[in-house]
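The values are calculated or read from the model by the stated rules, or taken from the named source; none is laboratory data. Predicted, not measured: the structure shown is a model, and the values here were computed from it. Cβ: placed from backbone, ideal geometry, glycine included. Neighbour counts: every protein chain shown. The area values use the complete protein model at the heavy-atom level, side chains included, leaving out ligands, DNA and RNA. Shrake-Rupley method; radii C 1.70, N 1.55, O 1.52, S 1.80 Å.
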Amino acid sequence: MRATLLTMPTPRTVVLIPYYNNMSSLLISLSSVLPSETCDVLIVDDGSPTEPVDELSARQAWRATGELHVLRQATNGGIERALNAGLDWISGRDYTYIARLDCGDRNVGDRIATQESYLDRHPNVLLVGGSALFVDQAGAPQFTLRLPTTQAGIASMMRKNSAFMHPSVMFRVAALEVVGHYPYGYPAAEDYAYFWRFLEAGQVANLPDVLIEYELDPGGISLSKRRTQLASRLKIQREHDDGSWPARAGIARTLILLRAPYGITFKIKKALHSRRQRRAD
């Protein structure tokens, strides 16, 4: 009998994960990518001094059809530099799509295949995101964040805040020729500034599906650097201020948030999202 040579599908997508001293969360994220998915993963270790990426443990957690790569930075330079180092590495290889994921966040279902299928069917769309289930560090659901799905809805929301969950997005490698790399100068809000570039360059979208579980980490950027993030958001909003009512309302909203304690705003946000969820059900 003649032996049959089985060829594995070639991944078109690479999952980009920035990393810094957090192996337990990295393993959670890696293991959330199902064996049914076909994709590679690139972990960019941003100069972790105490807990660098343990490749053996990472490879044991990685179950998708595809290779695991680790890019190590000699020193810590921040998430923007880590992400851009990853984009440089990816640009030199034969990938079609880049999917983002952060340590501690989890893919839901066949997220990669779902977004690949959407972008295949919509060649003019540069970037697609999705909804997110917010969970605490024990995995208990807190609320579901539903984001606008149309170009007009996304453009309107971008006036007050990012219309995309950063760890949920997938975008075209070819789009880098137009939008470039992650911008510097917007601490803790580099994604918001970057998504404005995609919005101005062409079509963007969000899927209504919940694509990720987003972990509310007290040590994460959104909580520990909240004032820095809001100051960067305000800077971005002012740069994109076209004099319209939505633009001015977005700026006013951020100024109010800068003065409000996070505990109060989080409770209000959670209550609003829970009410919307009940109405949707």
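With respect to the stated conditions, SER24 is surrounded by fewer than 19 Cβ atoms within 10 Å (Cβ to Cβ), free of Cβ contacts under 8 Å to residues at least 60 places away in the same chain, more than 23 Å from TYR186 (Cα to Cα) and more than 18 Å from the chain's Cα centre (by Cα). Within region 139-187, the set of residues being modelled with pLDDT of 95 or more, of a type in the set (A, V, I, L, M, F, W, C) and in a loop (DSSP other than H, G, I, E, B) comprises LEU147, MET158, ALA163, PHE164, MET165, VAL169.
Okay, residues lined up against (1) among the hydrophobic types (A, V, I, L, M, F, W, C); (2) at positive phi; (3) in contact with a strand residue (DSSP E or B) (Cβ under 8 Å, 6 or more places away or on another chain):
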residue	(1), (2), (3)
ASN21	no, yes, no
ARG63	no, no, no
ARG72	no, no, yes
ILE79	yes, no, yes
ALA85	yes, no, yes
SER91	no, no, no
TYR97	no, no, yes
GLY104	no, yes, yes
ASN107	no, no, yes
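The set of residues in region 36-84 that are among the hydroxyl-bearing types (Ser, Thr, Tyr), assigned to a loop (DSSP other than H, G, I, E, B) and touching a Ser or Thr at 6+ places or on another chain (Cβ under 9 Å) contains only SER36.
Out of the residues in region 48-59 that are in contact with a strand residue (DSSP E or B) (Cβ under 8 Å, 6 or more places away or on another chain) and of a type outside the set (D, E, K, R), which is nearest to SER168 (Cα to Cα)?
ALA58
Suppose the filter is open to solvent by less than 30 Å² (accessible area, probe 1.4 Å) and either touching a Phe, Trp or Tyr at 6+ places or on another chain (Cβ under 8 Å) or of a type outside the set (Phe, Trp, Tyr) (or both); does LEU68 pass it? Yes.
Just one of (1) over 23 Å from ASP94 (Cβ atoms); (2) assigned to a loop (DSSP other than H, G, I, E, B); (3) open to solvent by less than 40 Å² (accessible area, probe 1.4 Å); (4) in contact (Cβ under 8 Å) with a residue 60 or more places away in the chain trips up VAL33, so point out which. Going through (1) over 23 Å from ASP94 (Cβ atoms); (2) assigned to a loop (DSSP other than H, G, I, E, B); (3) open to solvent by less than 40 Å² (accessible area, probe 1.4 Å); (4) in contact (Cβ under 8 Å) with a residue 60 or more places away in the chain one by one, VAL33 breaks only (1). Here LEU199 meets the list (1) open to solvent by 30 Å² or more (accessible area, probe 1.4 Å); (2) under 28 Å from ALA249 (Cα atoms) almost entirely, failing just condition (1).
Count of region 206-222 residues, restricted to those that are surrounded by fewer than 18 Cβ atoms within 10 Å (Cβ to Cβ) and at pLDDT 95 or above, is 2. All of (1) on the phi < 0 side of the Ramachandran plot; (2) more than 13 Å from the chain's Cα centre (by Cα) hold for GLY139 with one exception: (1).
Of the residues making up region 116-125, one or more are open to solvent by less than 10 Å² (accessible area, probe 1.4 Å), farther than 23 Å from GLU190 by Cα and either of a type outside the set (D, E, K, R) or in contact (Cβ under 8 Å) with a residue 24 or more places away in the chain (or both).
Applying the condition of being farther than 19 Å from ILE17 by Cβ and in contact (Cβ under 8 Å) with a residue 60 or more places away in the chain to region 175-185 and asking which residue is surrounded by the most Cβ atoms within 10 Å (Cβ to Cβ) yields PRO183. For the list (1) open to solvent by 10 Å² or more (accessible area, probe 1.4 Å); (2) closer than 27 Å to PRO208 by Cα, I need the number of the one condition that SER48 fails. With respect to (1) open to solvent by 10 Å² or more (accessible area, probe 1.4 Å); (2) closer than 27 Å to PRO208 by Cα, SER48 is out only on (2). Evaluation of ASP136 against the conditions (1) exposed (fewer than 14 other Cβ atoms within 10 Å of the Cβ); (2) at pLDDT 95 or above; (3) of a type in the set (Asp, Glu) shows that the sole unmet condition is (2).
Can you tell me which residue among LYS235, LYS270, LYS225 is of a type outside the set (S, T, N, Q), modelled with pLDDT under 95 and touching a Phe, Trp or Tyr at 6+ places or on another chain (Cβ under 8 Å)? Outline the logic, then answer.
Numbers: LYS235 fails: modelled with pLDDT under 95; LYS225 fails: touching a Phe, Trp or Tyr at 6+ places or on another chain (Cβ under 8 Å).
Unique residue meeting the criteria: LYS270.
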